[in-house]
Structures are given as structure tokens and as C-alpha cells.
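Please read the structure below before turning to the comments.
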């Protein structure tokens, strides 16, 4: 049976001889009822406070759970981001290495091509230099032969009235003709009388090489 403050106030006791003073008993019961009522009120307030605190605790626990899940998600996201960044960095490094290798390979090919080109140009230069030198020597030799022809003796000119080939003709024909003229001049010099000085006016300085 649940006791209430009203039950305490209405409680009646049997009267007996030499019993307690009814007024004192009633006053005490009144005081007990008030105290009990205060206790019950305080108990109800405490129950409400406990309920409120429990509600707050559940809210805090929910917030804590959410924060933990958020933190775990953030950590997972950071881990995945790090792994993704690492993969991307590795990929970029590999691509850069491949690109660098391609650049180096192209540079080596270009260097080899330039070396071959330089070698070819040097070869062409040497060939052209030899050809020019040979041409120059031939021209100098031709000039020497023409000088010999210009100073040929008058007697040889009378004996050989035929006109010499023009200088504009074939170079080999000119040289052959001049060699024949030189041989005839040499044979003619052998028939000069004794005591008569030989004056051929030849200036055989030979070819001049620069």
C-alpha cells in the first residue's frame, strides 16, 4: 500500500486509557505529512531532473557517436586522399621519367645526326678543297705552258707557221700542242751554228704553287 501525505493526515488512532495526547499526535502527523509531501515533491523534482539529464546524456552520446563517425570518416578520407595523392605522384614521376627518357633519346638522336652531318660536311669540304687545289694546280700548269709558248723563238715560229690553238679550246689539246711545240723547239736549238749565241728568250720559271 502506497502511503500519501493525505493518508497520514487522516489517520485515526484508537483511544485507550492513558494514551498519547491527541493534539500532539495530530500535530506530529501534520508535520510528518508536510515533510513527506516535501520529500515526495523533491523526489519528483529529482526524477524530472534525472529524466532531463538522461535525455541530455542520450543527446551527448548521440553527438559523441556522430563526432566519432565523423572523425573516422575524416581519417578514412585523409588516408584515401594520401593514397590517391601518392598514386598520382608516382604516376606523375613515372610519366616525367618516360618524358625525360624520350627527350634524352631525341637529344642523342639529334646529336648523332648533327655529328654525321658535320662529318659529311667535313668530307665535302675536304673533297671540294682537293678539287679546287687540283684545279688550281692545273691552271697554274697551264699558265706556265702558255708563258713558254709566248717566249718561243722566232725561228721556231717561222718553221711552225701554223697558229696555236686558242686558249679557249680543250685544255688537254692545248697542253698536247704546247708539249709538241716545246719538243720541236728543243730539236731546232740543236741546229744553231757554232759561235752564234742562242737567244730563245725562254723564261721557264715552272709552275708556282700558292
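Subtract the Cα-Cα distance of residue 68 and residue 53 from 0.36 nm times their separation in residues, and report this length gain in nm to one decimal.
Working: separation 15, 0.36 × 15 = 5.40 nm, distance 2.16 nm.
In short, 3.2 nm is gained.
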Linear extension gain, residue 26 paired with residue 112, 0.36 nm per residue minus alpha-carbon span: 18.4 nm
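Every number in this text was worked out from the coordinates using simple rules, so none of it is lab data. Predicted model, so just to flag it, every value in this text is computed and none were measured.
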